[in-house]
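S.K.: A single structure is presented below for examination.
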Amino acid sequence: MLLNKKLIGLATGILCSLSAVAHAEPIEIKFSHVVAENTPKGKMAIKFKELVAEKLPGKVTVSVFPNSQLFGDNKVLEAMQLGDVQMAAPSLSKFKKYTKKLQIFDLPFLFEDMASVERFQKGAVGIRLLRSMERKGLIGLGYLHNGMKQLSASAPLRVPSDAKGKKFRIMSSDVLAAQFQAVDAMPVKKPFSEVFTLLQTKAIDGQENTWSNIYSKKFFEVQEYITESNHGVLDYMVVTSKSFWDSLPKALRTEVKSALDEAIAYGNDIAAKKAEQDKQLIIDSKRSQIINISPEQRQQWVNAMKPVWKRFERKIGKDYLEAAVSSNQ
Ligand code: LMR
């Protein structure tokens, strides 16, 4: 009798938990980023949301928070480790607290173009770098392109001496600070959300960014000149916390990763096109003058900024640096 009661109790328990699984709330992935929706990262995040809705209905949902709505530059990775956000794609310049190795992407004039960046990211070192923050609880799920950076300012910048004494907003990277110090300029580390106001109020003189960020955040409306310098790269790593990733059932993890890979491929494809389109929109607006420097002038910037590599070589690793150089074919 007692045994029967126990069996009935056990069976009821199993049925209850099965129905709880059947009606379990979908797992929510909050994806937080700082840029506008009409950018490679903004579009990639929306694509990821759509693909997950299509492939994993009822199992996983993605909520996207653009424009620093949920977390800005400085907070998102801490929030991720606390479980308040599950995915983000900070620029590679914003991981300093977690690894020094990713600083490689900030070295001025290291990558000749986006094809070189792509080769490096797809190579052995690039793949290893995705795992470089695992001990700190972060997992890199993939790289996403934005593009090459340009220099904007309230005065024309043609040669390095034009930057002397000027204040430039930079992302929170010591390499970027050294890059501007190398031309006797003053780097100011500030979150992305503050850049427009800093430029508009003339609290700073200039900044470096990609065409799509300069366009979508209207920096071109408050900067008279943009030098097409292509002096560095601004790319992203899509990251999640190890605890969240490990908590997903294996099959689901594989499906989420495949949706993400598809969204990243989509984002990378539009990144190149957007760079060209947004540059043209800025030219057409006539709000900002685009400065094309001569090869000789560009070489002056290279000569002034390239010594920065040596200063960071030990922290980054000579072998990593060599791999990056050899990705320029
Ligand atoms: C910046 O802070 O300038 C960029 O990292 C913004 C972004 O995410 O593209």
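S.K.: So is residue 47 more than 13 Å from the ligand (Cβ to nearest atom) and touching a Gly at 6+ places or on another chain (Cβ under 9 Å) or not?
M.R.: yes
S.K.: Let me ask something additional. Do any strands (runs of 3 or more DSSP E) lying entirely in segment 132-218 carry at least 3 residues that are in contact (Cβ under 8 Å) with a residue 40 or more places away in the chain and more than 13 Å from the ligand (Cβ to nearest atom), and which ones are they?
M.R.: 138-148
S.K.: On the given criteria, is residue 116 within 16 Å of the ligand (Cβ to nearest atom), modelled with pLDDT of 95 or more and small (Gly, Ala, Ser)?
M.R.: Values: within 16 Å of the ligand (Cβ to nearest atom): no; modelled with pLDDT of 95 or more: yes; small (Gly, Ala, Ser): yes.
No; evaluated as a whole, the condition is false for this residue.
S.K.: Take the residues in segment 93-113 that are closer than 19 Å to residue 304 by Cα, within 15 Å of the chain's Cα centre (by Cα) and of a type in the set (A, V, I, L, M, F, W, C); name whichever of them is farthest from the ligand (Cβ to nearest atom).
M.R.: 104
S.K.: Of the residues 83, 72, which single one is within 14 Å of the ligand (Cβ to nearest atom), more than 16 Å from residue 235 (Cβ to Cβ) and of a type in the set (Gly, Ala, Ser)? Let's see the steps before the verdict.
M.R.: On the way: 83 fails: within 14 Å of the ligand (Cβ to nearest atom).
Within the list 83, 72, the selection yields 72.
S.K.: Please go through (1) out of contact with any strand residue (DSSP E or B) (no Cβ under 9 Å at 6 or more places or on another chain); (2) over 19 Å from residue 93 (Cα atoms); (3) surrounded by fewer than 19 Cβ atoms within 10 Å (Cβ to Cβ) for residue 193 and return the number of the only condition it doesn't satisfy.
M.R.: For residue 193, the failing item is (2).
S.K.: Here's a follow-up. Is there any pair linking a residue in segment 79-92 that is within 17 Å of residue 36 (Cα to Cα) to one that is within 15 Å of the ligand (Cβ to nearest atom) and polar (S, T, N, Q), with Cβ under 8 Å and at least six apart or on different chains, and which?
M.R.: Every condition considered, the pairs that remain are 87/32; 88/32; 91/146.
S.K.: Let me ask you something else. So if I check each of 267, 232, which one is surrounded by 14 or more Cβ atoms within 10 Å (Cβ to Cβ) and touching a His at 6+ places or on another chain (Cβ under 8 Å)?
M.R.: Criteria check complete, one pass: 267.
S.K.: Any chance segment 40-54 includes a residue that's within 13 Å of the chain's Cα centre (by Cα), part of a strand (DSSP E or B) and under 24 Å from residue 192 (Cα atoms)?
M.R.: Looking through segment 40-54, none of the residues is within 13 Å of the chain's Cα centre (by Cα), part of a strand (DSSP E or B) and under 24 Å from residue 192 (Cα atoms).
S.K.: Looking only at residues that are more than 23 Å from residue 299 (Cβ to Cβ) and under 17 Å from the mean Cα position of the chain (by Cα) in segment 171-190, which one is surrounded by the fewest Cβ atoms within 10 Å (Cβ to Cβ)?
M.R.: Selected residue: 189.
S.K.: Can you tell me how many residues within segment 196-211 are surrounded by fewer than 23 Cβ atoms within 10 Å (Cβ to Cβ), within 21 Å of the chain's Cα centre (by Cα) and among the β-branched types (Val, Ile, Thr)?
M.R.: 0
The values are calculated or read from the model by the stated rules, or taken from the named source; none is laboratory data. Computed from a predicted structure; not experimentally measured. Backbone-built Cβ (ideal geometry, glycine too); neighbour counts: all protein chains shown.
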